[in-house]
1. Can you tell me how much longer the chain between Leu94 and Arg25 gets when fully stretched, taken as 0.36 nm per residue apart minus their C-alpha distance, in nm with one decimal?
2. Run through region 50-97 and list the GluC sites (Glu not before Pro) located in a DSSP loop whose Cβ has at most 16 other Cβ atoms within 10 Å.
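Derivation of every value follows stated rules applied to the coordinates shown; laboratory data play no part. Small disclaimer: the values here were computed from a predicted structure and weren't measured. For neighbour counting, all protein chains shown are included, and Cβ atoms are generated from backbone atoms with ideal geometry for every residue, glycine included.
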Amino acid sequence: MEETGATLAAGPAIGTTALGRLELRVPEDDGFEEVIVERRWPDMEAARAWCERTVRRAAPGSRILEIQVFEESWRHAKSWETTKSRPQAEVLQLGVVNTAGYVRWSEPRAMSPRTGSRHLI
């Protein structure tokens, strides 16, 4: 008897994107306001470049609290799911602003699905 095996795909992937996210403390007339700015890009390189440009253009007196870039995968919803497709973060890269005002990036890290890595927007 001949044995045959089939490989199962993880799921029909639509594609990947990257999300750049900055959290800033921006000066206001009567103090400060915390603002989160994010934008989706086709890849992590473009998202990092956008984060760096946004940091350079931040208003004087602003403080950069957090810089994150997520690589996301989009998958088709299963037939029984009633919500539309959402991206799932697969990779995270963090940035910090050094004393010269430039962003230094950490090594990209894979996000484990067992630790609540679903990134819902």
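1. Details: separation 69, 0.36 × 69 = 24.84 nm, distance 1.76 nm.
Value of the extension gain: 23.1 nm.
2. Details: sites: Glu52, Glu66, Glu71, Glu72, Glu81, Glu90; in loops: Glu81.
In loop regions of region 50-97 (DSSP not H, G, I, E or B), the sparsely surrounded GluC sites (Glu not before Pro) are Glu81.
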